[in-house]
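Below is one structure, written out as structure tokens; the observations come after it.
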Amino acid sequence: MATITANDTLIGATGHTVDRASPPTHETENHGLPRFFFAAAAALILSAIQGVVQRLPGISDWLRDADYGGHMVTNLAHTHITIVGAGTISLTGLLYYVLPKVARRPLFSTSLTNLSFWATLIGVFGFYLSMLSIGLYEGAMVHAGWPYEAARDWMGAWHKAPMAITGAIMGIGYWTFVTNIYVTVSRASAARRNGEVDAPNNSEFLLAKFFAMGATGLLIGTVQGVYQVLPWMLDWLHKTGEAGHMIDPMAHAHMNLVGGVSVSIMGLLYYFVPRMTGRPVFSQKLATFSFTCIVAGVFGFYLSAVTLGAIEGNMVLEGLTDVEAKEAMGVWHPMLMATTAAVMGVGFWSFIANLLLTVRGQQTTDAPADRNLVRFLIFAVLALLLGTIQGVLQILDVSEEWLEDAMPSSYLVTPLSHAQLNMVGFAILSLATLSVYLLPRLLGKPIEVPRRGTQALTVIAIGVASTYAVFIGVGLAESIAIHSGATAAEARQVVGGYWGRYILFIAAQALLGIGYLLYFRHIARTIGGAMIRAYFRDFRARIANARRQSVRVHPRALPETRGGAQRKALSTFAFEAVGGALGFMGMGWIYSGRPFIGIMLLGSWGGGFWTFVYVVLAVAGGAGLLPFLLIPYFALPFISGLLAYRSYLLHARAHLSQSLA
């Protein structure tokens, strides 16, 4: 795939050398990437605290008996802050660092980078707090004697609106990130088609395709996420039971975590491991093969789950049980799921083999001082190997039926133990390791063995192994007891009795949580208090600079004459006012050479405004308010068009004045 030389550069197939050691030393060059890793580490603190608290005696029992409200707390909220809060935010930072190097093009927009960070951060933590609060409140209603469906209906829009609003904000963060990735990769692709000298070579462009694929997975996952919190979809998912679960959480989580996060991490490991070991990737062909299988497997599995879930869900609404609906599909249900899962498994296994063959044997002398961090990546890919094997086994008909008959104890096996390997063992540990490796290089600090970082990663790895062993061990023991005739309550006494079971879970979660706390301490100390304080002290100036950059007209959109400026400005107003009235506000800004603010308005109009409309209609009085919403619907695009018209003329006239002078 590439060759590592003694001068610490990566040489691709074209012979073009790219310096791997010289770090960006200024905020404008590293795009403020340390803040991504700090925010991700802060999310892990919340994960650490909740992971222990929700396993405490009394609290655990309360959440278990709180119906779906408890599920929102223990699984949805906790998983969200761990994987989306910590995983996706740190993943975004790593991709923003690597993509310009493999694409040999700068990131499309610094403003998009800033907006994607803040929108994702606000959306992630807001969505987490919304799920946590709503789950606890509805759980309390269940404990007060309400059926869960009645409690959710009584909450009405207050169940749906907070998650819809914060989900839309998070979606804007993801969509701006995806835009940055897509445009950067498309520019690299255009350079290859045009035969430019500095175009990325085959191995580099393959990594860019991994990142584009990962961005696509996150895009599809977030679009589905925003759609499925809409009231009609929420109701459909609740009424269809296990069939609906194939769409959410199975397909939704699959596309986000596998299609988005895992595929991106694969590309990152193909980039970083050669630099950590001083050895080239073992096989370019195997890397290409793994990418092809992953793309086919990820999309095949996703489409199969969505299609089967939709068909079987509608059968459930017609009166069949979820089991009868599945049987009605005949061989198609197991064949589609097992085949696509196997193709995806082959993609992961060929990637794992390629990576392990890369790190085999002695590391070369030009490997960096912190090269031993690669052992945590080996642990992570082995966790992925075990997780994918378990995933294929538990989707087989005989395994799936055995696990379904052992509910609720089998929930510890799938999804909890399975997710522990794939989401925490592979994704979180890989991203944490790469963050520890990259951070001193971003900050221009000496490269040395990160003792505190190594301690944190070691504890996280031990915590992952311990938590997995507890989940699968206790889950299997209790499931066997249920198949032997025990009730769910009796099965919970099988392993160590009441207190012994709790001690196992608390100890495993506490160990993992300590690793997260140590990781946050290392990230914070590496960045340094002075830099953290300076970032927030200068925040107002950053906002002002971003605002100025966002409305600046691109040179290609500037006119050559005053008449041309006036015509372009009038066309800008027309595009914005008419486009907004048709549901596409932002088109005028894009047309006039301000793509950043245009994309933001386009996303906000499509997500934010209609979320606001839903909240008003659902909470504040129903359809009688609809005529009043037509006023802002037409007024806002008109005002935006006037602003686009005026700002374009100001920039155009200033440009023409300088040209004439």
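The values are calculated or read from the model by the stated rules, or taken from the named source; none is laboratory data. Given the structure is predicted, the values throughout are model-derived calculations rather than measurements. Positions of Cβ are generated from backbone atoms using ideal geometry, with glycine treated the same way; all protein chains shown enter the neighbour counts. Note: accessible area is taken over every heavy atom of the protein model, side chains too, but ligands, DNA and RNA are not part of it. Shrake-Rupley method; radii C 1.70, N 1.55, O 1.52, S 1.80 Å.
In the stretch 429-460, how many are within 22 Å of L95 (Cβ to Cβ), part of a helix (DSSP H, G or I) and not basic (K, R)? Number of matching residues: 16. The set of residues from the stretch 239-282 being in contact with a Gly (Cβ under 9 Å, 6 or more places away or on another chain) and either among the β-branched types (V, I, T) or on the phi > 0 side of the Ramachandran plot (or both) comprises T240, G241, I247, V258, V261, V263, I265. For the stretch 398-416, state whether one or more residues are at pLDDT 85 or above and within 22 Å of L518 (Cβ to Cβ). There is no residue in the stretch 398-416 that is at pLDDT 85 or above and within 22 Å of L518 (Cβ to Cβ). Applying a threshold of 7 Å to beta carbon distances and a minimum spacing of six or more residues, or different chains, the list of pairs starting in the stretch 461-473 at a residue that is over 23 Å from V374 (Cβ atoms) and assigned to a helix (DSSP H, G or I) and ending at one that is among the aliphatic types (A, V, I, L, M) and open to solvent by 40 Å² or more (accessible area, probe 1.4 Å) reads V470/L504.
Taken across the stretch 230-238, residues that are among the aliphatic types (A, V, I, L, M), on the phi < 0 side of the Ramachandran plot and open to solvent by 40 Å² or more (accessible area, probe 1.4 Å) do occur, with at least one present. Out of D67, D61, one residue alone is surrounded by 20 or more Cβ atoms within 10 Å (Cβ to Cβ), out of contact with any Lys or Arg (no Cβ under 6 Å at 6 or more places or on another chain) and of a type in the set (D, E, K, R). It is D67. Screening H80 against (1) over 21 Å from S189 (Cα atoms); (2) at pLDDT below 90; (3) in contact with a helix residue (DSSP H, G or I) (Cβ under 6 Å, 6 or more places away or on another chain); (4) open to solvent by 30 Å² or more (accessible area, probe 1.4 Å) leaves a single unmet condition, (4).
Restricting the stretch 506-526 to residues that are closer than 15 Å to K445 by Cβ and surrounded by 21 or more Cβ atoms within 10 Å (Cβ to Cβ), the residue that is modelled with the lowest pLDDT is T526. Within the stretch 499-527, the set of residues being touching a residue at least 60 places away in the same chain (Cβ under 8 Å) and more than 24 Å from the chain's Cα centre (by Cα) comprises W499, Y502, F505, I506, A510, R525, T526.
Within the stretch 551-569, residues that are over 18 Å from F596 (Cα atoms) and among the aliphatic types (A, V, I, L, M) sit with their Cβ atoms under 6 Å from residues that are outside any helix (DSSP H, G or I) and open to solvent by less than 100 Å² (accessible area, probe 1.4 Å), at 6+ positions apart or across chains, in these pairs: A565/P559. One residue stands out among those in the stretch 183-212 that are within 16 Å of V261 (Cα to Cα) and touching a residue at least 60 places away in the same chain (Cβ under 8 Å): the one that is surrounded by the most Cβ atoms within 10 Å (Cβ to Cβ), which is F210. Number of residues in the stretch 48-63 that are of a type in the set (G, A, S) and either over 14 Å from R501 (Cα atoms) or within 26 Å of the chain's Cα centre (by Cα) (or both) equals 2. Could you say whether any residue in the stretch 177-193 is at pLDDT 80 or above, outside any helix (DSSP H, G or I) and not hydroxyl-bearing (S, T, Y)? Checked against the condition, which is being at pLDDT 80 or above, outside any helix (DSSP H, G or I) and not hydroxyl-bearing (S, T, Y), the stretch 177-193 yields no hits at all.
Of all residues in the stretch 43-101, exactly one satisfies the criterion of being in contact (Cβ under 8 Å) with a residue 40 or more places away in the chain and at positive phi, namely D67.
Within the stretch 342-351, being crowded, with 21+ Cβ neighbours inside 10 Å and among the aliphatic types (A, V, I, L, M) holds for one residue alone: M344.
Among the residues of the stretch 123-153, the ones that are part of a helix (DSSP H, G or I), farther than 16 Å from I59 by Cβ and aromatic (F, W, Y) come to 4 in all.
Has the stretch 503-519 got at least one residue that is of a type in the set (A, V, I, L, M, F, W, C) and farther than 18 Å from Q54 by Cβ?
yes
State whether one or more residues within the stretch 568-589 are modelled with pLDDT of 80 or more, open to solvent by 70 Å² or more (accessible area, probe 1.4 Å), under 24 Å from A119 (Cβ atoms) and out of contact with any Pro (no Cβ under 6 Å at 6 or more places or on another chain). Yes, because at least one residue in the stretch 568-589 is modelled with pLDDT of 80 or more, open to solvent by 70 Å² or more (accessible area, probe 1.4 Å), under 24 Å from A119 (Cβ atoms) and out of contact with any Pro (no Cβ under 6 Å at 6 or more places or on another chain).
Residue count for the stretch 101-113 satisfying the condition of being part of a helix (DSSP H, G or I) and buried (at least 21 other Cβ atoms within 10 Å of the Cβ): 5. Taken together, the criteria place A215 among residues that are touching a residue at least 12 places away in the same chain (Cβ under 8 Å) and out of contact with any Leu (no Cβ under 7 Å at 6 or more places or on another chain). For residues that are acidic (D, E) and open to solvent by less than 50 Å² (accessible area, probe 1.4 Å), tally how many sit in the stretch 272-326. Number of matching residues: 1.
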